[in-house]
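A.B. asks: Take a look at the following structure, please.
Just so you know, all these numbers are worked out from the coordinates, no wet-lab data involved. Remember, predicted model here, so these are calculated numbers, not experimental data. Because the Cβ atoms are built from the backbone with ideal geometry, glycine has one as well, and the counts that use them run over all protein chains shown.
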Ligand SMILES: *Cc1c(COP(=O)(O)O)cnc(C)c1O
């Protein structure tokens, strides 16, 4: 069996030990005589799985008790609608910071449903930076302020959150989820699809401050999109994405074994430093994200020559470095170095980059 170094932006690499464990439990989950895919979501065995997953997630993120956790379907994209449906219930207004493709999509979705306003954008420079959060003119009447905390495609991350006063901050954290500690109490809502850093596609985790679950939603919000009844039903208004939640639970335990989020952060910083230090030491490659806004998770870079970029991607693949091609909207290369990418993988990438530079300069 040969595992490659998989730099995919998502669905992405998972810890090998998690996959092995899941394989071992495939036919008979702990004496139940069936796989987790085959059991009732109302069974004692599955109840144990989802409750333990939530408890471990609460532990990892130190989630305050006045926050609800939901494991839902539909990906982060469905929550682009879920957020305005459930939160645009006061003034009906919301402020969006557009720092990349994902926040732009979320903004457009919200604008379909209500009075969404773009308060800052970095589209003028191909989303290569995070708008200055100290220069925002936020609407104190807005129902929420929205950010995408790590823009997966452009490789930028907020290193400082906007001060939104009494207005709840909503963050899409899909591509930086559990990569380092975060202060949950600073947010009204944190949500993310899990296929970047936590598990298989098909699960989105929504963490929401209880006072925002007012039992109100905008007109014609489908039942399944209403957060309060979903939270009260422990994510089981309908069948939850059972198998995906089971894998997420295993990844939470794996993160705990790595020293929790403090431990994860140290490892992630070491991996990112290895790659960025090399990128900064050469003129052959350019890292495209603004230095002060760099992501620990997604590292886009280019040679400046599209043909050379294509050659890089092709030869990298032959060297066991997979999914290194940049997003189609940016081109070049992108290394996604999520939690489960071992430092050996990043070292192998840097070694390859060095050799490619020497051969093509
Ligand atoms: C991948 C991604 C999404 C979209 O996730 P889906 O599960 O495909 O809906 C949204 N936001 C961010 C930041 C992402 O990285």
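Residues are listed down the side, and each one gets a yes or a no for (1) surrounded by 24 or more Cβ atoms within 10 Å (Cβ to Cβ); (2) touching a helix residue (DSSP H, G or I) at 6+ places or on another chain (Cβ under 6 Å); (3) within 21 Å of residue 232 (Cα to Cα):
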| position | (1), (2), (3) |
| --- | --- |
| 166 | no, no, no |
| 175 | yes, no, no |
| 190 | yes, no, yes |
| 194 | yes, yes, no |
| 200 | no, yes, no |
| 205 | yes, no, yes |
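A.B. asks: Across the range 182-211, what is the number of residues that are out of contact with any strand residue (DSSP E or B) (no Cβ under 7 Å at 6 or more places or on another chain) and more than 16 Å from the ligand (Cβ to nearest atom)?
C.D. replies: Summing the residues that are out of contact with any strand residue (DSSP E or B) (no Cβ under 7 Å at 6 or more places or on another chain) and more than 16 Å from the ligand (Cβ to nearest atom) in the range 182-211 gives 3.
A.B. asks: Could you grab me the full set of residues in the range 101-133 that are in contact with a strand residue (DSSP E or B) (Cβ under 8 Å, 6 or more places away or on another chain), touching a residue at least 40 places away in the same chain (Cβ under 8 Å) and either part of a helix (DSSP H, G or I) or more than 24 Å from residue 86 (Cβ to Cβ) (or both)?
C.D. replies: 101, 102, 103, 106, 128, 129, 130
A.B. asks: For residue 64, only one of the following conditions fails: (1) assigned to a loop (DSSP other than H, G, I, E, B); (2) within 16 Å of the ligand (Cβ to nearest atom). What is its number?
C.D. replies: Among (1) assigned to a loop (DSSP other than H, G, I, E, B); (2) within 16 Å of the ligand (Cβ to nearest atom), residue 64 violates only (2).
A.B. asks: Would you check which residues across the range 277-316 are touching a residue at least 60 places away in the same chain (Cβ under 8 Å), part of a loop (DSSP other than H, G, I, E, B) and touching a strand residue (DSSP E or B) at 6+ places or on another chain (Cβ under 9 Å) and list them?
C.D. replies: 285, 288, 289, 290, 295, 296, 297
A.B. asks: Go through the range 317-361 and count every residue that is part of a loop (DSSP other than H, G, I, E, B) and either more than 25 Å from residue 126 (Cα to Cα) or more than 22 Å from the chain's Cα centre (by Cα) (or both). Before the answer, list the steps.
C.D. replies: Of the range 317-361, the ones part of a loop (DSSP other than H, G, I, E, B) are 319-320, 323-324, 326-332, 337-342, 361.
Those still in the list that are either more than 25 Å from residue 126 (Cα to Cα) or more than 22 Å from the chain's Cα centre (by Cα) (or both) too: 319-320, 339-342, 361.
Number of matching residues: 7.
A.B. asks: Enumerate the pairs (first residue in the range 167-178 and in contact (Cβ under 8 Å) with a residue 40 or more places away in the chain; second residue anywhere and more than 8 Å from the ligand (Cβ to nearest atom) and part of a strand (DSSP E or B)) with beta-carbon separation below 6 Å, excluding pairs fewer than 6 apart on the same chain, so at least 6 apart or on different chains.
C.D. replies: From residues that are in contact (Cβ under 8 Å) with a residue 40 or more places away in the chain, the pairs are 167/145; 168/144; 170/144; 170/146; 170/189.
A.B. asks: Shifting gears a bit: Being within 16 Å of the ligand (Cβ to nearest atom) and surrounded by fewer than 22 Cβ atoms within 10 Å (Cβ to Cβ) is true for just one of 91, 101. Which residue is that?
C.D. replies: 101
A.B. asks: Condition first: assigned to a helix (DSSP H, G or I) and surrounded by 18 or more Cβ atoms within 10 Å (Cβ to Cβ). Now tell me which residues in the range 232-242 satisfy that.
C.D. replies: Across the range 232-242, the qualifying residue is only 242.
A.B. asks: Among (1) within 11 Å of the ligand (Cβ to nearest atom); (2) closer than 15 Å to residue 288 by Cα; (3) without any contact (Cβ under 8 Å) to a residue 60 or more places away in the chain, which single condition is residue 152 missing?
C.D. replies: Here residue 152 meets the rest and fails (3).
A.B. asks: Additional query: Listed residues 145, 170; which is within 20 Å of the chain's Cα centre (by Cα), more than 16 Å from the ligand (Cβ to nearest atom), over 30 Å from residue 257 (Cβ atoms) and in a strand (DSSP E or B)?
C.D. replies: Values: 170 fails: more than 16 Å from the ligand (Cβ to nearest atom).
Just one listed residue meets the conditions, 145.
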